[in-house]
Amino acid sequence: MKVLTDEARATIYDSIRDIKDFPKEGVVFKDITTLLNNPKAYKLLMDHLEARYEDFNLDYIAGIDARGFIFGAALADRLNIAFVPIRKKGKLPSTTISEKYTLEYGIDEVEIHLDAFHEKKGVRVLVIDDLIATGGTASAAVNLVNKSGAICVESCFIINLTFLNGSEKLDSPVYSILEI
Ligand code: AMP
């Protein structure tokens with residue numbers, strides 16, 4: 001369904017587990033493994049994503065390492081389009097381009113294969129991840145897609161921790177299913 005009912009949204013919300021103090025004290029980790037382990041919630045989510053994006057004329061889905069791969073690859077298959085992984089530094093085997101971003105302590109980097117979009121210009125890409133917090137990872141991912149000569153037409157998250165204002169950092173429209 002293109003627009004989620006309150007009931008469907010609640011089923012998805014209730015399927016995600018909160019783990020307190022993981023990976024460190026003070027963080028409430030949103031654990032989506034319980035969503036994946038719940039076929040009804042996972043199907044509702046994927047049916048909604050398919051309905052939302054089937055008219056977007058997308059050429060590629062780019063998923064962010066690692067939980068973005070799960071939703072992104074499943075959605076790409078449903079839309080019959082290609083999937084591209086955006087990975088943490090040092091994981092992709094061929095020639096890459098990279099983008100650094102700032103963490104609470106230090107700097108991290110994401111990479112994409114130089115030929116990921118078959119070196120075509122102006123292709124339409126959806127970036128997807130499970131969650132946006134500060135927006136550092138996703139804004140680096142969107143910048144990478146745009147640096148590749150493609151167009152990031154939207155960034156999609158299952159969960160948006162809106163109190164961190166991460167979506168304001170992104171150079172693309174943002175769609176999130178659950179705002180917390
Ligand atoms: P950020 O760059 O701060 O927006 O962090 C986003 C990335 O970190 C995503 O890949 C998330 O999967 C992960 N992440 C950050 N905070 C959480 C959280 N509270 N629960 C689950 N994953 C998180």
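Bridge orientation summary for the chain: considering DSSP beta bridges with both residues in this region, about 35 percent are antiparallel.
Comparing Val153, Val127, Val28 in a Gaussian network model of the chain, where Cα atoms under 10 Å apart are tied by springs, the biggest mean-square fluctuation is seen for Val28. Would you kindly state the longest site-free stretch of the chain, with sites defined as trypsin sites (Lys or Arg not before Pro) in a DSSP loop (not H, G, I, E, B) surrounded by at most 16 other Cβ atoms within 10 Å? Longest site-free region, per DSSP loop and neighbour criteria: 25-88. Quick one: Debye curve from the C-alpha atoms of the range 31-180, no solvent, what's log10 I(q)/I(0) at q = 0.08, 0.14, 0.20, 0.22 Å⁻¹? The Debye formula, applied to the Cα set alone, gives -0.20, -0.63, -1.30, -1.53. Proximity of backbone amide H atoms, modeled 1.01 Å from N, is registered between Ile159 and Leu131, Ile132, Ile177, Leu178 at under 5 Å, excluding neighbours fewer than 5 places apart on the same chain. Karplus-derived 3J(HN,Hα) values for the range 53-70, using 6.51 cos²θ - 1.76 cosθ + 1.60 with θ = phi - 60°, are 9, 5, 9, 7, 6, 6, 9, 8, 10, 10, x, 8, 3, 10, 6, x, 5, 5 Hz; glycine and proline are entered as x. Only lysine pairs 8 or more places apart, or on different chains, with alpha-carbon atoms under 20 angstrom apart are counted in the range 26-134, and they number 5. Net charge in the neighbourhood of Asp14 (other residues with Cβ under 14 Å of its Cβ; Lys, Arg +1, Asp, Glu -1) is 0. For the range 56-179, the solvent-accessible area of protein heavy atoms averages 46 Å² per residue (probe radius 1.4 Å; ligands and nucleic acids excluded). Rolling a 1.4 angstrom probe over the chain with all protein chains present gives an accessible area of which 50% lies on carbon and sulfur atoms. Measuring spread by the Cα atoms of the range 102-142 yields a radius of gyration and Dmax of 12.6, 36 Å.
The values are calculated or read from the model by the stated rules, or taken from the named source; none is laboratory data. Not measured: the values here are computed from a predicted model. Positions of Cβ are backbone-derived with ideal geometry, glycine not excepted, and every protein chain shown enters the neighbour counts. In case anyone asks, the SASA skips ligands and DNA or RNA and just uses the protein heavy atoms, side chains included. Shrake-Rupley method; radii C 1.70, N 1.55, O 1.52, S 1.80 Å.
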